[in-house]
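Report on one structure; see the data block that follows.
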Amino acid sequence: MAGACWAASMASLAFPQTLINTNNHLSDHSTLSAPKFHFAGHGNLLRRCKSPRILRKRASYRAEGLIESAVDVPLLTGLEVIERLRAKREQLKVKQQFLAMYSSVLGGIVTDSAAMSIPLDDHMVHRGHGVFDTAAIMDGHLYELDQHLDRIHRSASMAKIRPPFDRETIRQILIRTVGVSQCRKGSLRYWLSAGPGDFQLSPSCCPESALYAVVIQDQSPLDSRGIKVITSSVPMKPPQFATMKSVNYLPNVLSKMDAEEVGAYAAIWLDDEGLVAEGPNMNVGFVTKERELLMPRFDKILSGCTAKRVLSLAEELVKEGKIKGIRVGDVMVEEGKGSEEMMLIGSGILVRSVIQWDDQVVGNGKEGPVAQALLNAILADMKSGPSSVRTPVPY
Ligand SMILES: Cc1ncc(COP(=O)(O)O)c(C=O)c1O
């Protein structure tokens, strides 16, 4: 998922007051400041300013070659920014729709996607000092909200971010945001950030941490066709960072792009000992030759809420004789590639069969029955599981 990118791009677009201007003696954009802006071409700005002083300056800038009329960069009002953001979103024609956003900086919820923005000076945007998590919305319920909340609080503590509210308040804000959105199928993504303040490396001048949340509608049908994976050539994060769900997903993004470039769905990370670790936003599972469900241990990778739930739901499959046992432990690459079944597991993908890893066909090259049974079990759990995994949303 591309939440952080979204946040960053929105941030850079939506806050005209943070236009990069190193002209320290200027306090507002109505003052002529062409030479100090980090971009060329202020024709529009200068065209709008008609006072004799400004016209003289304009002439002198032109004479000094400081105005490049070829590039027209307009100075926008706050209202124009919102209009442009709205038009941009309409142009994008993306499948996902953002139905509501909560921001502790704004102190409320917005449903106009053009207004869904975060400040550029938020430490999360310019230093990656933020953590995030997701919870699926299914049939008007949040799936595994409390498990994901536990994880974001763990991540926040590892990132030394003190949340702006207590856990219960955050939980209520998240549920309320989904309620306002009217979304019944999609996902809720939320961030805890060191918050806005300045552009320094230290967050000491970010007085208040921030909570942001967005509700994303997803109407796309579930795809359960088998997929191909490759071994990632992008180094994986060291355990301190891999076990924390921070917004630093550049390695994950690059590894996903590597996979897509060769027609694969994802790239699998191997850890420092060469053992199977995880995918860029999912865990991995196998059905061994001994018909055990096997997953890598979670000490160097993200503790996936879906993988943990799958491990518990798989007990039913043991009772039914579909698998002989369940094991979390070291997974050698040869064992993984030579397994009966391989699957990717995560809240975005749920459970998806892998039919090929690098050049090796996994199992019989078809979607595996255990992966299918686990997908059905997760779907049933999402629709009618116990209250410990299903939080009703009051709409
Ligand atoms: C690196 C990584 N591993 C695993 C997962 C799967 O976790 P979950 O099942 O909680 O979505 C994710 C998903 O967020 C992830 O980003």
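The values are calculated or read from the model by the stated rules, or taken from the named source; none is laboratory data. Bear in mind the structure is a predicted one, so any value in this text is a computation, not a measurement. Counting neighbours? That spans all protein chains shown, and the Cβs are built from the backbone with ideal geometry, glycine included.
Annotations for the structure displayed:
- Entry remark, region 118-174: residues being part of a loop (DSSP other than H, G, I, E, B), of a type in the set (Lys, Arg) and touching a residue at least 60 places away in the same chain (Cβ under 8 Å) number 0 in total.
- None of ILE345, ILE355 is over 17 Å from LEU317 (Cα atoms) and assigned by TED's automatic domain parsing to the domain that holds ASN281 except ILE355.
- Qualifying residue in region 295-315 (condition: buried (at least 22 other Cβ atoms within 10 Å of the Cβ), within 16 Å of the ligand (Cβ to nearest atom), outside the structural domain of ARG151 (by TED's automatic domain parsing) and part of a strand (DSSP E or B)): yes
- Residue tally, condition surrounded by fewer than 21 Cβ atoms within 10 Å (Cβ to Cβ) and among the aliphatic types (A, V, I, L, M), over region 231-241: 1
- Restricting region 109-139 to residues that are among the acidic types (Asp, Glu) and buried (at least 17 other Cβ atoms within 10 Å of the Cβ), the residue that is farthest from LEU302 (Cα to Cα): ASP121
- If you go through region 131-176 and keep only what is of a type in the set (Val, Ile, Thr) and more than 16 Å from the ligand (Cβ to nearest atom), you end up with ILE161, THR169, ILE170, ILE173, ILE175.
The rows are residues; the columns are (1) more than 16 Å from the ligand (Cβ to nearest atom); (2) of a type in the set (D, E, K, R); (3) within 20 Å of LEU344 (Cβ to Cβ).
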{"residue": "LEU211", "(1), (2), (3)": "yes, no, no"}
{"residue": "ASP223", "(1), (2), (3)": "yes, yes, yes"}
{"residue": "LYS228", "(1), (2), (3)": "yes, yes, yes"}
{"residue": "SER233", "(1), (2), (3)": "yes, no, yes"}
{"residue": "PHE241", "(1), (2), (3)": "no, no, no"}
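- Selection status of ALA264, closer than 30 Å to GLY363 by Cβ, within 16 Å of the ligand (Cβ to nearest atom), not aromatic (Phe, Trp, Tyr) and not assigned by TED's automatic domain parsing to the domain that holds VAL94: no
- Among the residues of region 359-370, the ones that are surrounded by 15 or more Cβ atoms within 10 Å (Cβ to Cβ) and outside any helix (DSSP H, G or I) come to 4 in all.
- When restricted to residues that are among the hydroxyl-bearing types (Ser, Thr, Tyr), crowded, with 23+ Cβ neighbours inside 10 Å and over 15 Å from SER103 (Cβ atoms), region 160-219 contains 1.
- Test: LEU106 is away from the ligand (no atom under 16 Å from the Cβ), at pLDDT 95 or above and surrounded by 14 or more Cβ atoms within 10 Å (Cβ to Cβ): yes
- A count restricted to region 89-117 and to residues that are closer than 17 Å to LEU211 by Cα and without any contact (Cβ under 8 Å) to a residue 24 or more places away in the chain stands at 4.
- Picking from residues in region 316-357 that are away from the ligand (no atom under 16 Å from the Cβ), under 27 Å from ARG154 (Cα atoms) and of a type outside the set (D, E, K, R), the one that is surrounded by the most Cβ atoms within 10 Å (Cβ to Cβ) is ILE326.
- Of all residues in region 316-343 being touching a helix residue (DSSP H, G or I) at 6+ places or on another chain (Cβ under 9 Å) and in a strand (DSSP E or B), the one that is nearest to GLN96 (Cα to Cα): MET343
- Verdict on ALA373 being within 26 Å of the chain's Cα centre (by Cα), surrounded by fewer than 19 Cβ atoms within 10 Å (Cβ to Cβ) and either in a helix (DSSP H, G or I) or in the same structural domain as MET342 (by TED's automatic domain parsing) (or both): no
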